[in-house]
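The values are calculated or read from the model by the stated rules, or taken from the named source; none is laboratory data. Nothing here was measured: the structure is a model prediction, and the numbers come from that model. Note: ideal-geometry Cβ built from the backbone for every residue, glycine included; neighbour counts use all protein chains shown.
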């Protein structure tokens, strides 16, 4: 398939686990996987994760961030994959035979850049890009994907232009607000803090306010914003944002968008670059990665913050990995933490003991990269929230990998 200058190769994998096929209803098909056996799935080192498929996206750019959407009408899961020049839309109607069905190009007259981020709210995707010029927030109505069977070049439903470049975007789906972070290149930059957007009308977002942490680094690289339900009674029910501000964690109460308030901050020893993080379900612990500390000779390190007192967050424990790779995006689902760690690929941890993660699975998306050496190439991000259990993972040069925990392997 050739489209928009991209050579696209869909690479489903080739072992059918046939046990029990005759017992399935005729309309059901057994998922085809390459199992992780004896430490490998095909050419990829692994443990506890099977390879379902790989979608290779080749051109001069790189694949970066990733998100997902499940069509509420059809139940089809979709991968939304960022790229230097735009966003790819991949249907997982048949996960072992994924279909690349759309590409939304970057805003006209903007620069190609390795940074693109995507989030979803009420069947709409919101896409930002960093150091791109006047890119804005591209809004795309994902319902337009429904029923597509052939590749199409797509156009944004709307482009929000009150912010130009942004490094990232967070969305609190419970309140319907988006928070662009790390703004540059003009527009309402909010001191590179949080540019808050009301998504009450998903295809017509409106500016809602700014927050900028003034007690140190104002630049917010990434954030998670939630309605707080943790143990700190003073803020229970408030909308709070936890911001990764390069060298410190910034916590804000953003319930009142016209008057957001900084409520806490914290740092930690040997900080390199506080990059991103995610709360546990109880809003008691916040797990973060430091993208650059490995360049100082350390091992891959996950920082575990105690946020029981939002005014005084502190690192209660550090998990030192078995690799030396630089760590990148991580997400928490129940008692599992999913980390994309560049040259070490996807790493999965059991965090039943919140302060003592245990690695239980991994998949090396880039076996040609030495996992003992820090570097900013390899697995950028992952999306572990699909109800099917499939985990979508990006490799900057290798495209999109679809993985399945071996415990869910069809029998």
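Every residue, every condition in (1) at pLDDT below 95; (2) part of a loop (DSSP other than H, G, I, E, B), yes or no:
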{"residue": "10", "(1), (2)": "yes, no"}
{"residue": "16", "(1), (2)": "yes, yes"}
{"residue": "26", "(1), (2)": "yes, yes"}
{"residue": "31", "(1), (2)": "yes, yes"}
{"residue": "45", "(1), (2)": "no, no"}
{"residue": "54", "(1), (2)": "no, no"}
{"residue": "72", "(1), (2)": "no, yes"}
_Count of residues meeting criterion [under 25 Å from residue 100 (Cα atoms) and either modelled with pLDDT under 95 or not in a loop (DSSP other than H, G, I, E, B) (or both)] in the range 152-169_ = 7
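Taking the residues in the range 170-191 that are in contact (Cβ under 8 Å) with a residue 40 or more places away in the chain and part of a loop (DSSP other than H, G, I, E, B) as candidates, determine which candidate is nearest to residue 113 (Cα to Cα).
Pass one, the range 170-191, residues in contact (Cβ under 8 Å) with a residue 40 or more places away in the chain: 170-182, 184-187.
With part of a loop (DSSP other than H, G, I, E, B) added as a condition, the list becomes 173-176, 182.
On the way: 173: 27, 174: 31, 175: 31, 176: 28, 182: 15 Å.
The qualifying residue nearest to residue 113 (Cα to Cα) is 182.
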*Hits in the range 374-403 (condition: buried (at least 24 other Cβ atoms within 10 Å of the Cβ) and in contact with a helix residue (DSSP H, G or I) (Cβ under 6 Å, 6 or more places away or on another chain))*: 374
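Yes or no, residue by residue, for (1) at pLDDT below 95; (2) farther than 19 Å from residue 118 by Cα; (3) not in a strand (DSSP E or B):
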site	(1), (2), (3)
312	no, yes, yes
339	no, no, no
347	no, yes, no
365	no, yes, yes
389	no, yes, yes
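Of 104, 80, 57, 99, which residue is under 19 Å from residue 365 (Cβ atoms), crowded, with 17+ Cβ neighbours inside 10 Å and over 14 Å from the mean Cα position of the chain (by Cα)?
57
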*Please state which one of 248, 194 is modelled with pLDDT of 95 or more and either buried (at least 23 other Cβ atoms within 10 Å of the Cβ) or under 17 Å from residue 170 (Cα atoms) (or both).*
194
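State yes or no: is residue 233 free of Cβ contacts under 8 Å to residues at least 12 places away in the same chain and farther than 30 Å from residue 76 by Cβ? Talk me through it step by step, then tell me what you get.
Working: free of Cβ contacts under 8 Å to residues at least 12 places away in the same chain: yes; farther than 30 Å from residue 76 by Cβ: yes.
For residue 233, the condition - free of Cβ contacts under 8 Å to residues at least 12 places away in the same chain and farther than 30 Å from residue 76 by Cβ - is met.
Condition check ((1) closer than 30 Å to residue 52 by Cβ; (2) free of Cβ contacts under 8 Å to residues at least 60 places away in the same chain; (3) part of a loop (DSSP other than H, G, I, E, B)) across all residues:
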position	(1), (2), (3)
90	yes, no, no
104	yes, yes, no
135	no, yes, yes
195	no, yes, no
*Within the range 367-382, track down each residue that is free of Cβ contacts under 8 Å to residues at least 12 places away in the same chain and part of a strand (DSSP E or B).*
none
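May I ask you to list the residues in the range 287-301 that are part of a loop (DSSP other than H, G, I, E, B) and farther than 24 Å from residue 353 by Cβ? Spell out the reasoning first.
Step one: of the range 287-301, the residues part of a loop (DSSP other than H, G, I, E, B) are 291-292, 297-300.
Hits for the range 287-301 are 291, 292, 297.
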*Is it the case that residue 81 is part of a loop (DSSP other than H, G, I, E, B), at pLDDT 95 or above and either touching a strand residue (DSSP E or B) at 6+ places or on another chain (Cβ under 8 Å) or on the phi < 0 side of the Ramachandran plot (or both)?*
no
